[in-house]
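Only the coordinates and a few stated rules stand behind these numbers; no lab work does. Bear in mind the structure is a predicted one, so any value in this text is a computation, not a measurement. Here the Cβ positions follow ideal geometry from the backbone for every residue, glycine too, while neighbour counts run over all protein chains shown.
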Amino acid sequence: MTLGYYPGCTLKSHARNLEDSAIEALKVLGVETVELERWNCCGAVYSLADDDLIHQLAPVRDLIRAKDMGLDKVMTLCSMCYNTLARANLLMRNDEAKRKTLNDFMEEESDYAGEVEVIHLLQFLKNDIGWDKLKAAVKVPLKDLNLSPYYGCTLTRPLEVSIDEAVSPTIFKEFIEALGGTYIHSDHSAECCSSYQMISNPEAAIEAASKVVRSAEDQGADALALSCPLCEYNLGKRQVDILKKHDDLKPLPTFYFSQLLAVALGVDPLICRFELNPTASLELLEEKGVVEKVSA
Amino acid sequence: MPIIISDSQVVRDFVQKVEEISGEKFSKCMQCGTCSGICPMGAEMQLSPRHTVLMTKFGQKDRLLDSNTVWLCASCHSCLVRCPRGLDLPKVMEAIRQITLRTNENYLEPFEIPDELLEDLPPIAMVSCFRKHTA
């Protein structure tokens, strides 16, 4: 089986651990990813101003690339790319006047009317692979790992692009359980980690992010499982600033969901690039016996 | 604290402009405050989300542009999925940000981001922040 794939800018630099582990895990499941030709940055955030069409061009061009390659579906790994592409796709499907303006403006491109379906890898695993098949493919169950999923904002909001039920989603729980891990509920699993506010308003951002870490820790999580490189930056890379401000919190490892998928399917941990995660992340997997100790 | 609004403070074309950019009608809002209760940045905001809709309805342009509220909204859409009247508040916040940004005024100056922060900053953080906070 082949699957159209849109990486997005961060997966080719800071989040290679998200991309490489997903591509290898999909190979184990018999799925070959086909990267879009000449893709460009989707813009990271969907334009919310009704009169701003110029920022719809970037995501729509990516969708045109997918259509031109004969793909009926395009899969994303990054939550923000998923959200931006899925919303731009709905705009092209549902708004006749804006669709015409955008198609007319891009006269060098094929006309586009939302023919391609935008999906996130979690949806593909649930709907196209199936949890039972995934469970059967697991070679290294994530037993003894207490994992708290972090949906963030863009996988489940707004409703029209939610990959699951928007207020109480369960897709991440089903994923963790299929891999043999223990699901840990957190009240903040879909609360905002502060997004790009970590640059503009770091103090408020650290407070918002600390609530996500605290909630997962209070419920007994060993680690957070996430899907967005910006959430990973705020909750993983910048966790050092959260801990400085809240010294009662302990370091909490973070993983991309695709890294957990890959190690459970027996992919070489070196491919998962745990060196890009917080140090405690690989140590946790070694301690739980999910990966062999390389440091010893 | 009572809010006194005099006719001289009401900017009528501001209301129209926000409605035009956002595509939203504020008459939908019944001031229940669900948005303020759920907003993850609400505690840091000078005007709560509920208050922001009220002030916009009353054409209080200066109060809104002087407050940090729209710049703290991260468009997480928590308010939208819970609003009993279906008001798309993230679009209202975006419209108010755009009114400032379209005067070529930045909220964030990219050149003021410290070098040590830039080293580790993923592209997704910069692109999204510049889209929301720069002209």
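Summary table
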| read-out | value |
| --- | --- |
| Matching entry among A:Asn89, A:Asn94, A:Asn83 (being touching a residue at least 12 places away in the same chain (Cβ under 8 Å) and under 19 Å from A:Arg38 (Cβ atoms)) | A:Asn89 |
| A:Thr101 being in contact with a Leu (Cβ under 7 Å, 6 or more places away or on another chain), among the hydroxyl-bearing types (Ser, Thr, Tyr), away from chain B (no Cβ under 14 Å) and not in a helix (DSSP H, G or I) | no |
| Residues (in a helix (DSSP H, G or I) and surrounded by fewer than 21 Cβ atoms within 10 Å (Cβ to Cβ)) located in the stretch B:56-70 | B:Lys57, B:Asp62, B:Arg63, B:Leu65, B:Asp66 |
| Answer from A:Leu11, A:Leu36, A:Leu48 - the residue that is more than 19 Å from A:His120 (Cα to Cα) and crowded, with 19+ Cβ neighbours inside 10 Å | A:Leu48 |
| Options A:Ala216, A:Ala204: the member that is assigned to a helix (DSSP H, G or I), out of contact with any Cys (no Cβ under 8 Å at 6 or more places or on another chain) and touching a residue at least 60 places away in the same chain (Cβ under 8 Å) | A:Ala216 |
| Residues that are under 23 Å from A:Asp52 (Cα atoms) and surrounded by 14 or more Cβ atoms within 10 Å (Cβ to Cβ), drawn from the stretch B:21-48 | B:Ile21, B:Ser22, B:Gly23, B:Glu24, B:Phe26 |
| Test: residue in the stretch B:86-99 that is touching a helix residue (DSSP H, G or I) at 6+ places or on another chain (Cβ under 8 Å), farther than 29 Å from B:Gly33 by Cα, at the interface with chain A (Cβ under 10 Å from one of its Cβ atoms) and not aliphatic (A, V, I, L, M) | no |
| Given (1) in contact with a Lys or Arg (Cβ under 6 Å, 6 or more places away or on another chain); (2) touching a residue at least 60 places away in the same chain (Cβ under 8 Å), index of the condition A:His188 fails | (2) |
| Test: residue in the stretch A:74-97 that is touching a His at 6+ places or on another chain (Cβ under 6 Å), in a helix (DSSP H, G or I) and not small (Gly, Ala, Ser) | yes |
| Residue that is farthest from A:Asp50 (Cα to Cα) [pool: residues in the stretch B:100-127 that are among the hydrophobic types (A, V, I, L, M, F, W, C) and facing chain A (nearest Cβ under 9 Å)] | B:Leu117 |
| Residue within the stretch A:182-193 that is facing another protein chain (nearest Cβ under 8 Å), not small (Gly, Ala, Ser) and not in a loop (DSSP other than H, G, I, E, B) present | no |
